[in-house]
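For reference, the structure is listed below as structure tokens.
The values are calculated or read from the model by the stated rules, or taken from the named source; none is laboratory data. This one's a predicted model, so the numbers in the text were calculated from it and none came from an experiment. Reconstructed Cβ throughout: ideal geometry from the backbone, glycine too, with neighbour counts over all protein chains shown. Surface accessibility is based on the protein's heavy atoms, side chains included, excluding ligands, DNA and RNA. Shrake-Rupley method; radii C 1.70, N 1.55, O 1.52, S 1.80 Å.
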Amino acid sequence: MSRLASAVKKGAVPAKKILAVSIDADQAAYQHAVLDSAYPFPTAWDRGGLAAAALGVEVTPTLILVDSHGKVAHVGTGMSLIGPWRVEWFVKD
């Protein structure tokens, strides 16, 4: 997440193209993490894990790239060295 934040701060990725979704068990944990991190992009709390279940998210972190037609173009799980670059490439197209 910090590398995605850096990509947004340097202008490589528009903030409006990112949505970080937390699957924390409770809202207080989510709010604490958001306040501590001060991400330069929107965040949301997936109360009850409904979105995660619908998208098949089983581990964190999970990166899901959705194209302009609402189609899932890529799913990646776990820590990735190329994740932020993949996002930069994806949003340029």
Hull-based mean projected area of segment 1-42, where the convex hull spans the alpha carbons, in square nanometres: 2.8 nm²
Probe 1.4 Å - accessible area at THR77, Å² to nearest ten: 90 Å²
Can you compute the charge dipole magnitude of the chain about its Cα centre, using +1 on each Lys and Arg Cβ and -1 on each Asp and Glu Cβ, nothing else charged? Give it in debye, rounded to the nearest 20. 400 debye
Expressed as a whole-number percentage, the relative contact order of segment 1-74 with C-alpha contacts under 8 angstrom and at least six residues apart is 26 percent
I need two numbers for the chain: Rg to one decimal and Dmax as a whole number, Cα atoms only, in Å. 13.1, 37
Working from the pairwise distances between different alpha carbons, so that the mean of 1/r is found and then inverted, what is segment 50-93's Kirkwood radius in Å? 11.2 Å
Just reorder ILE23, ILE64 by solvent-accessible area, largest first, 1.4 Å probe, all chains present. ILE23, ILE64
From the protein chains alone at 1.4 Å, what is the descending order of accessible area for HIS69, HIS32, largest first? HIS69, HIS32
Need one number: nm distance between label points at SER68 and ALA54, each 7 Å from Cα along Cα→Cβ, rounded to one decimal. 2.3 nm
Using unit Cβ charges (K, R positive; D, E negative) and no other charged atoms, how large, in debye to the nearest 20, is the dipole of segment 2-51 about its Cα centre? 400 debye
Say each of LYS16 and LYS92 gets a label point 7 Å from the Cα, pointing the same way as Cα to Cβ; how far apart are those two points in nm? 2.1 nm
